[in-house]
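Only one structure is covered here, and it is reproduced in the block below.
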Amino acid sequence: MSRLVLLVLTLWAKQVLSYTPMLPMDFSEINLPSEHLQYYFSAFPSAAQQCHIDDKCPYKMALNAQKYWGYTNNSGRYSTPECTGWGQEKRDNAEQFYREGDFGFIKQQLAELTQLCSPFTETGGSSLHCTDHLRYCTGSELMLNFTKLSSVEEPFRYNMSVLSDSGIGGYCEPLRDEFLERSDHVSALQSWGPELRYFTQLTKTPRELCDIVITKPTYLMKIDATFNMYHHFCDFFNLYASQHMNQHLGHNAFSTDVHMLIWETFDYRSPFRDTWEAFTDYPLWDLKTFRGRTVCFENVILPLLPRMVFGLYYNTPLTRGCRNSGLFHAFSKHILHRLKVPVYPRLPRKIRVTLLCRDTKYRRILNEDELFEAINENEAYQATRVVFNANIPFKQQLEISANTDVLVGIHGAGLTHLLFLPDWATVFELYNCEDHNCYSDLARLRGVNYITWRDKLMLFPDREIGNSGEADAKFKNYAFDVGVFKGLLKEAAGLVMNHTKFIAAGRKFEHEEL
């Protein structure tokens, strides 16, 4: 056999051995809003290739545009923050805001990802990658030991000692200096430092040591207060942001074929429970699920947490004069789509005003009937009065807010519904109760307009004092001057009517009427 023939056969054999057949893709699992599909296929070219060659793929129209979320490629990115000012200063502020509370934050986290434990062999072993401060990590073939939980009788949450020495480990070589350098935010909801400080190099593969092996990707969830929408949606928002970090999962990054393990032993209860349907197809787990067992996870994700230092949602330092985070906008559309919340075509004949009332002891609107009557007096408004409590299923609450133009309410967690308002909407926080930035910043991040009460002489607190014994603004109820209320509501409605997307929706409606 000649050397040339031998060389050709050798090259052919290498190609055959290295060839990996492309597995068929279930396109129904993508389940993303239509406006997100182009970004999805640009992010995952292999999925785009399979769609291109598969005659049954329903997303052909989303394959050609090169649009990117903004953390892997700056061209055609999902959004650009809106900032006041001029010239270079305006552009610099926009980029700063983009890094603080938009997809630029994801880009920075991806740049920080470092391998902290490398597998012993190319074909086997464990791995662990984390960002700075251990705010996000992803690992493969890791062992978690929950045997000591058998002796813990009282339920717990926010516990930083769930794992102890040798409680977590992998068949890999940890970089001790890197672990120490990144373990500087050791707090229950700030980082995964409390858990990863116990990371151990195993002498055997985890599967030789485990009672149970979990093959589906699993998220470990340290969550905030589950009965408060503002707090709990910080969990859901950071979970969505973490899905964007999941480059290692490829086109399955947004899959619901994953498990959620809540890092506490309390039974999970929340009026917002339905939101988990956007992230998983399975019942939630908690630490009781694996009490007394040693568990191996083939693929585990430790997502971004709700109270990170300079994190997303809480503790987000926002550049003055800037608004409109594409990441928050995408989250809003993602949740509404996944939960199948109906968003009705905009009929521009009336401004839809929703008055959000409270059934709590404090921060109630004393002249609520007067204000609602004032809304109804104006024929330009379509008024709705609601109390978002357990009597209204959460998906129905979302349906109301997703079809509201002006959301009116006093300071409280219910105003978190501003996340799901239409892009042209205005949130009117009747009184911010001296918490000036909470919902104004959330409105800036979401990109909706915000106004609040200005003249404190024209709002009237009752004389009730809170249990603390201090006249705290959050522990009172208030009446509001009706004339001032009408003026501010008119201002809020004007912001809606002058919004370019509201005008475009009106034109679309008129065109369809013809």
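The values are calculated or read from the model by the stated rules, or taken from the named source; none is laboratory data. Just so you know, these numbers come straight off a predicted model, no measurement behind them. FYI the Cβ positions are ideal-geometry reconstructions off the backbone, even for glycines, and counts take in every protein chain you see. Heads up: the accessible areas ignore ligands, DNA and RNA and are worked out on the full protein's heavy atoms, side chains in. Shrake-Rupley method; radii C 1.70, N 1.55, O 1.52, S 1.80 Å.
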Scope segment 182-200; condition open to solvent by 10 Å² or more (accessible area, probe 1.4 Å), at pLDDT 90 or above and part of a loop (DSSP other than H, G, I, E, B); matching residues: LEU189, GLN190
Counted residues, segment 471-507 - those being assigned to a helix (DSSP H, G or I), open to solvent by less than 70 Å² (accessible area, probe 1.4 Å) and at pLDDT below 95: 7
Any chance LEU304 is buried (at least 19 other Cβ atoms within 10 Å of the Cβ) and part of a strand (DSSP E or B): no
Subset tally (residues that are in a helix (DSSP H, G or I) and open to solvent by 70 Å² or more (accessible area, probe 1.4 Å)) for segment 103-125: 3
Matching residues, segment 194-218, being among the aliphatic types (A, V, I, L, M) and under 33 Å from the mean Cα position of the chain (by Cα): LEU196, ILE212, VAL213, ILE214
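Test LYS333 against the criterion of being assigned to a loop (DSSP other than H, G, I, E, B), in contact with a helix residue (DSSP H, G or I) (Cβ under 9 Å, 6 or more places away or on another chain) and open to solvent by 20 Å² or more (accessible area, probe 1.4 Å), and give yes or no. Walk me through it before giving the result.
Details: assigned to a loop (DSSP other than H, G, I, E, B): no; in contact with a helix residue (DSSP H, G or I) (Cβ under 9 Å, 6 or more places away or on another chain): yes; open to solvent by 20 Å² or more (accessible area, probe 1.4 Å): yes.
Criteria not met by LYS333.
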For THR354: the one exception among (1) open to solvent by 50 Å² or more (accessible area, probe 1.4 Å); (2) in a strand (DSSP E or B): (1)
Lone unmet requirement of (1) free of Cβ contacts under 8 Å to residues at least 60 places away in the same chain; (2) open to solvent by 20 Å² or more (accessible area, probe 1.4 Å); (3) hydrophobic (A, V, I, L, M, F, W, C) for ALA390: (1)
Helices (runs of 4 or more DSSP H) contained in segment 1-61 and holding at least 2 residues modelled with pLDDT of 50 or more: 37-43, 45-53
Close pairs from segment 115-136: first within 21 Å of PHE105 (Cβ to Cβ), partner part of a loop (DSSP other than H, G, I, E, B) and polar (S, T, N, Q), Cβ under 9 Å, at least 6 apart: HIS133/SER183; HIS133/GLN190; HIS133/SER191; LEU134/SER183; LEU134/SER191; ARG135/GLN190; ARG135/SER191
Residue in segment 80-90 that is within 26 Å of CYS130 (Cα to Cα) and outside the structural domain of ASP423 (by the TED database) present: no
Complete set of residues in segment 412-421 that are of a type outside the set (S, T, N, Q) and open to solvent by less than 10 Å² (accessible area, probe 1.4 Å): GLY412, LEU415, HIS417, LEU418, LEU419, PHE420, LEU421
Residue match in segment 312-326 (condition: open to solvent by 10 Å² or more (accessible area, probe 1.4 Å) and among the aromatic types (Phe, Trp, Tyr)): yes
Some residue of segment 297-318 being within 21 Å of the chain's Cα centre (by Cα) and over 30 Å from SER191 (Cα atoms): no
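Can you find a residue that is small (Gly, Ala, Ser) and closer than 24 Å to ALA380 by Cβ anywhere in segment 431-443?
Yes, the conditions are met somewhere in segment 431-443.
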Condition met for PHE199 (aromatic (Phe, Trp, Tyr) and under 30 Å from LEU339 (Cβ atoms)): no
The one condition in (1) open to solvent by less than 20 Å² (accessible area, probe 1.4 Å); (2) in a helix (DSSP H, G or I) that TYR71 fails to fulfil: (2)
Odd one out for GLN38, checked against (1) within 28 Å of VAL341 (Cβ to Cβ); (2) in the same structural domain as PHE199 (by the TED database): (2)
Tabulated pairs, segment 36-65, first among the basic types (Lys, Arg), second at pLDDT 90 or above, C-beta under 9 angstrom, 6+ apart or interchain: LYS60/CYS51; LYS60/HIS52
Test: residue in segment 218-235 that is in contact (Cβ under 8 Å) with a residue 40 or more places away in the chain, open to solvent by 20 Å² or more (accessible area, probe 1.4 Å) and under 30 Å from ALA43 (Cα atoms): no
